[in-house]
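Worksheet: the structure to be examined is printed underneath.
Every number in this text was worked out from the coordinates using simple rules, so none of it is lab data. Remember, predicted model here, so these are calculated numbers, not experimental data. Glycine also receives a Cβ, built like all others from the backbone with ideal geometry; neighbour counts cover every protein chain displayed.
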């Protein structure tokens with residue numbers, strides 16, 4: 001896999017992915033995050049991952065895994081690939097017309113115009129160098145052809161492809177930018193065939209997205225759709241481009257157009273269903289997600305869609321949700337029916353409930369339990385005296401009720417202003433990097449009012465464990481279920497669970513419940529992994 005970047009899944013994460021497609025995932029678009037994550041030099045940087053929201057109780061989303069780290073096998077969403085056009089153009093013009101029109105999707109692209117057929121041998125020779133991996137020679141060969149035939153779109157397209165390959169080999173953003181310019185030049189030359197225009201602009205949009213230039217990619221795809229208004233696949237790509245910048249409204253309009261033209265298009269259905277669910281139109285989303293997955297169309301076999309279909313069914317009280325979770329598990333999207341996080345490191349011990357001894361973080365647990373009253377008193381001092389609330393939970397995890405949080409650390413970063421309000425609590429935690437340095441977690445107070453029910457849901461990653469320290473716990477009515485085991489909090493005691501497993505919360509007491517949440521790295525992660533995994 002040398003020279004290729006593997007991009008981790010981003011759009012839907014967990015229920016807490018919010019309403020964004022690029023999550024996750026998610027599941028917030030965060031162009032800066034995408035830029036840092038997807039550029040060739042991303043793995044050499046300390047990547048701030050802006051995809052994660054500040055959510056109560058459960059968080060969302062996620063990054064790029066450096067290919068030099070084989071043990072970090074997070075599930076990828078996409079691998080940069082060569083386009084079909086690159087592999088098929090050699091003899092396209094020599095095929096009988098009846099073979100070219102046999103079936104639209106079997107058609108080989110016609111990339112050569114009339115003049116270019118007379119220099120096909122020269123083009124093929126340069127292309128042969130590129131396909132053999134001799135990319136420096138290919139760049140020189142195509143550059144020579146461009147100088148000889150400056151009005152040849154195919155020669156310039158070949159140069160762009162060679163520059164693109166060289167950028168991947170060099171892992172150079174500057175070279176990739178050069179390829180983007182050459183793609184644009186090729187598409188704008190006179191006498192470019194429609195197939196070449198389409199291939200060139202599609203490749204340009206793909207590489208713009210790779211660089212995190214989502215709005216540039218959107219503009220390129222909009223141009224493509226204007227040129228080829230009947231191409232459903234391009235419209236589908238345009239819908240995704242809107243989702244990647246958080247413009248769900250425009251994406252919805254695009255997929256409505258697609259489903260008017262092609263009502264059985266599975267790709268459009270799953271994405272339209274995803275958008276409906278993000279609008280909290282739960283019942284309406286189900287048939288689109290289900291039919292889209294059942295279609296088996298390319299682009300539909302995605303963990304996000306299994307996740308959201310199952311979640312929608314659960315919220316409607318339909319136990320067939322677990323059938324879809326099982327299918328998602330069998331398709332390799334979930335570790336199990338219960339454990340449905342999407343951003344995982346393979347091989348980590350997986351169990352829903354943990355003891356302090358299991359974690360190896362006994363000192364941290366003892367510190368929390370010995371100082372629980374101090375922590376409680378500081379939490380009470382920052383609660384709203386009138387409402388008994390912190391910042392409301394905004395991730396649509398609640399069926400009903402009120403649930404808020406007060407965050408001290410997020411993605412391994414200290415919230416300075418918040419910590420100044422609770423200095424003793426933050427001071428206690430400073431010497432525990434397994435918690436304060438957990439870039440895939442949070443440290444926060446969580447208050448839940450009577451009458452609150454939190455839907456069954458899962459966290460985004462198996463890379464953390466979650467500690468709950470009871471601070472103010474009513475005598476009865478407050479419980480948490482993780483898989484099929486239900487427990488209750490106790491004041492001054494720590495519960496530890498893996499929130500990548502399905503869990504659910506009930507608050508049926510007659511007064512509020514206050515806990516302190518401390519996320520810690522999974523104990524089996526190496527120091528190198530803890531340093532290089534991107535934030536969630």
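Quick check on segment 433-536: of the DSSP beta bridges with both residues there, what percent are antiparallel, nearest 5%?
Of all bridge pairs located within segment 433-536, approximately 95 percent are antiparallel.
Using the per-residue mean of other Cβ atoms lying within 10 Å as a proxy for protection, in what order, highest first, do the peptides 486-494, 156-164, 321-329 fall?
Descending packing order for the listed peptides: 156-164, 321-329, 486-494.
Neighbour counts of other C-beta atoms within 10 Å: give me 377, 499 arranged from fewest to most.
377, 499
What ranking do 370, 481, 376 get, fewest neighbouring Cβ atoms within 10 angstrom at the top?
370, 481, 376
What per residue convex hull volume, in Å³, comes out for segment 353-532 when only alpha-carbon positions are used?
110 Å³
For a footprinting-style exposure proxy, rank 390, 307, 516 by other Cβ within 10 Å, fewest first.
With the sparsest Cβ surroundings first, the list reads 390, 516, 307.
Taking 1 over the mean of 1/r across every pair of different Cα atoms in segment 475-529, what Kirkwood radius in Å do you get?
13.2 Å
Which order do peptides 196-207, 245-256 fall in by mean Cβ count within 10 Å, highest first?
196-207, 245-256
Across all directions of projection, what mean area in square nanometres is found for the Cα convex hull of segment 265-332?
3.7 nm²
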